1. Peptide B:259-267: average number of partner chain Cβ atoms within 10 Å per residue?
2. Rounded to a whole number, what is D in µm²/s for the range A:203-289 from Stokes-Einstein with the Kirkwood radius over alpha-carbon pairs (20 °C, 1.002 mPa s)?
3. How much length, in nm to one decimal, is gained on full extension between A:Ser115 and A:Asp78, taken as 0.36 nm per residue of separation minus their Cα-Cα distance?
4. Tell me, what ³J(HN,Hα) does each residue in the range A:274-287 have, in order and in whole Hz, if you take phi through Karplus 6.51 cos²θ - 1.76 cosθ + 1.60 with θ = phi - 60° and put x for Gly and Pro?
5. Using Cα pairs under 8 angstrom and six or more residues apart, how large is the relative contact order of chain B, in percent?
6. Between A:Glu127 and A:Glu272, how high is the FRET efficiency from 1/(1 + (r/R0)^6) when r is the Cβ-Cβ distance and R₀ = 35 Å? Nearest 0.05.
7. Calculate the FRET efficiency for B:Val16 and B:Arg184 from the Cβ-Cβ distance with a Förster distance of 25 Å, rounded to the nearest 0.05.
8. Quick one: check the C-alpha center-to-center distance for the range A:249-289 versus the range B:1-71, whole angstrom.
Amino acid sequence: MPIVKLQQVTYHYPFTEKPALQDINLEVEEGEFVAVIGPNGAGKSTLCYTLAGFIPHFYKGELKGIVEVDGVLAQDSDLSDWVLKVGLVFQNPFNQISGAKYTVFEEVAFGLENSGVPRAEIARRVEEVLQMTGIADLADRSPYSLSGGQQQRVALASILVMQPKVLVLDEPTSQMDPIGTREVFGVIRKMAEQGMTVVMAEHKVEWIAQFADRVIALWEGKIYLEGKPHEVLTDARLVEKGFGVSRYTTTARLALPRGLWQKERPLPVTLEEAVAGFSALRNARRKQG
Amino acid sequence: MNIQIENLSFRYPNGVLALRGVSLEIAPGEQVAIIGQNGAGKTTLVKHLNGLLLPTEGRVRIGDWDTRHYSVAKLARRVGYVFQNPDEQLFTKTVADEIAFGPRNLGYSGERIQELVEDALQLTQLQAMRTTNPYDLSPTWRKMVAIASILAMDTPILVFDEPTTGQDAASVAHLAMIIAELKRRGKTVVTITHDIDFCAENFARVIVMGGGQVLLDGHTRTVLGQTEILAQTYVDPPQITRLGLRLGLAEVVCTPQEFLDAFEKQCAA
């Protein structure tokens, strides 16, 4: 049974003629990690807002079709109930941080306080999640004194601590350094393995290929391609439409006409696949030579 | 106009020592990328270039001006600064007004303001959006408005704080084009970025920061091959550089083309 179900979803922001999402059909299984890619303006954030209930409860506009999470229709639900099931990590952490708290620890505890969780349990859960997201050393700092990437970790921690069934992330690593990005992908993968359902809008295809179960490519509000990360991310149609592709894929494509990539070999997305492919070709050539 | 930073240290009022003895010089017309982990001091450093922050120790000179003796408003004639978050700098009702605000405050003539605004609109491809409210635009385009509003000030030095954040492939290519045009015009460009591949493909010089210090500073190819020092500040070499290193290529490569040329040579050897 899928936990997330979208059927024929079409959405217009207020006062717009062109739909931001059009005829979206999407089912996500419990514990699945789905990555959503697409150029800016393709509808990635809108899809995140729809899953998180901000559409239709906050943004107004016109929503058609069925949005269902865990057996409940979005239209029938209250935003305050919905957010306990679906947590959203915003693209811009400045928009997420409450402004009501003086320290990172308090900021991360904010949601639990509002849900009436006992004090001892709050402390335990906050400490655990600060460790997990690698910001335990920032616990006493003001959220506003942190760098963009550190704030993104705080934003992630403040949602993870709520233990939502469905975790929706809108480019959660956009301001992070590369190794921080890898760590965060690792944390999110682990959450998925523990049964949390993950939908993540992201540009960083090399990491998607290593961590996600499925990729949805959005284009002008519609699902353009969908499938296993490797198949989608090496599809030539992505380049035509201006999607970001891995530089390893690009390099192998350029290598093909020069006879530097084996024709029968799938194109690489990750470093390891590229190393394996180029090494194999080099060995084959050396044997011939 | 050159930038001279001598033994710069900076302590925030909360006690955090964000810069520890940074010294560097940037020549007129240079294109420099600054990379390094979150919290390394990159933004703190560039905020010293237009006087938003003043040294706790050491000094910063923009041409012959010591930043301690000139107001931020004065320094704005020499250094344009594009914030990481465009929402921190946009406030007018239309894109064109926003872009005209800077040059108007620098006291340029009406005719010159108009020229500068048109030029900035064109470079950022915002012509069709000149009468739009910046807040009706997507974050990507808001970022372009923020960039245009600084371009229009026609300063000899431009600072971009993470211009690639949250941008898709097409916008990153567009940014690269803007930076190439600024180079052609002889402008100095200092850019903070986490997009190491963008850095490898568009900048000749890279400064690597970690723990408030300069860890590496030099030619892009030389710097980006130093895997171990980069790892100290949470930076991976660019994808293509890593591929070249893993395959044991003789030279450090930064672009797919360079990689393929070097790889072909290696196969033939």
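1. Values: counts 8, 8, 1, 0, 7, 5, 0, 3, 10.
Counting Cβ atoms of other protein chains within 10 Å of each residue's Cβ and averaging gives 5.
2. Details: Rh = 13.8 Å.
Estimated via Stokes-Einstein, D reaches 156 µm²/s.
3. On the way: separation 37, 0.36 × 37 = 13.32 nm, distance 1.48 nm.
Roughly 11.8 nm would be gained on extension.
4. 5, 4, 4, x, 5, 5, 4, 5, 5, 4, 4, 5, 5, 4
5. Numbers: 500 pairs, mean separation 58.7, N = 269.
This gives 22 percent for chain B.
6. Values: r = 35 Å, r/R0 = 1.00.
Working from the Cβ atoms, E equals 0.50.
7. Values: r = 39 Å, r/R0 = 1.57.
E between B:Val16 and B:Arg184, to the nearest 0.05, is 0.05.
8. Between the Cα centres of the range A:249-289 and the range B:1-71 lies a distance of 45 Å.
The values are calculated or read from the model by the stated rules, or taken from the named source; none is laboratory data. All figures in this text were calculated on a predicted structure; none of them were measured in a lab. Counting neighbours? That spans all protein chains shown, and the Cβs are built from the backbone with ideal geometry, glycine included. Keep in mind that these areas ignore ligands, DNA and RNA; they rest on the heavy atoms of the full protein, side chains included. Shrake-Rupley method; radii C 1.70, N 1.55, O 1.52, S 1.80 Å.
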